[in-house]
Amino acid sequence: MCTIPSVAPNNGIQIIRFTQYFDNLKRLSVAGNELSGASLCGQYLDKTLPQSITSLHLGANDFEYLADIEPITKMQNLKRLVLNHCNIHAISASDSTSGSLRTLSKPFPSGLEQVEIAFNKIDNWQFVDELPHWFPGLTELRISHNPLFEHLKTPDGRIMSSDDGHMITAARVAGLRRLNYSPVSLHVLTNTLT
């Protein structure tokens, strides 16, 4: 695994350029390098990251939308993607002043099975409901510690625990085998749906 520590703001540009010299690179961590979709990644990710990468750690960066990492949808060998501790709160970005929309043009490869998006700013079920579309191969998800799970209530107003929210997540994202490092069983899903 190649882990490159954060040294200077936007050091990620040099890191990403540097990876082109490692054709067989399997795992790359570029966490904590102030990377953001609008300013950096669209220019470099799809052009220089080796297609051999199977695990990519982009946590603790400044991504706000899954669309910020859109070039990663071209990485056909990617199996694990870590986006913990970013500022992700939506799939797409729209700029109300200019009317522009930055969105994903296609889903991530079906070989991408493990996605970690814990400690972000996800606060709505629509985001969760769209995950199977954008990650068709998703079998392991880490989504804990997002605002969505802080103030859950039943339709009749009873307070729900974050564990209840995680069970609801498992029921909403078809095909999950693991959620927040715990196995998803038919028993858990049956209890959630009753």
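Show me the ranking of peptides 157-165, 140-148 by mean Cβ neighbours inside 10 Å, starting with the highest. Walk me through the numbers on the way to the answer.
Details: 157-165: 12.4, 140-148: 19.9.
Put in order of decreasing packing, that is 140-148, 157-165.
Can you give the accessible area of Asp156 in Å² (nearest 10), computed on protein heavy atoms with a 1.4 Å probe?
Number for this one is 110 Å².
Pull out the extension gain between Ser162 and Arg177, defined as 0.36 nm times the separation in residues minus the alpha carbon to alpha carbon distance; nm, one decimal. Present the calculation step by step, with values, prior to reporting the outcome.
Working: separation 15, 0.36 × 15 = 5.40 nm, distance 1.89 nm.
Separation in residues times 0.36 nm, less the Cα-Cα distance, equals 3.5 nm.
Apply the Karplus curve 6.51 cos²θ - 1.76 cosθ + 1.60, θ = phi - 60°, to the phi angles in the stretch 17-31 and return the couplings in whole Hz, x for Gly and Pro.
4, 5, 5, 4, 8, 10, 4, 9, 4, 9, 10, 9, 10, 10, 6
Once you place label points 7 Å from the Cα toward the Cβ at Phe22 and Asn77, how far apart are they in nm?
Each label point lies 7 Å from its Cα, and together they span 1.3 nm.
May I ask you to evaluate 6.51 cos²θ - 1.76 cosθ + 1.60, the Karplus curve with θ = phi - 60°, for each residue of the stretch 76-88 and list the ³J(HN,Hα) values in order in whole Hz, giving x for glycine and proline?
Taking θ as phi minus 60°, the curve returns 5, 9, 5, 10, 9, 10, 10, 10, 5, 6, 9, 10, 5 Hz for the stretch 76-88.
Subtracting the Cα-Cα distance from 0.36 nm times the residue separation, let me have the gained length for Lys153 to Lys121 in nm, one decimal.
On the way: separation 32, 0.36 × 32 = 11.52 nm, distance 1.85 nm.
Gain in length upon complete extension: 9.7 nm.
The values are calculated or read from the model by the stated rules, or taken from the named source; none is laboratory data. On a predicted model such as this, the values are computed, not experimentally measured, just so you know. Glycine gets a Cβ as well: all are built from the backbone with ideal geometry, and neighbour counts include every protein chain shown. The protein model used for the area step is the full one, side chains on, heavy atoms only, and it has no ligands, DNA or RNA in it. Shrake-Rupley method; radii C 1.70, N 1.55, O 1.52, S 1.80 Å.
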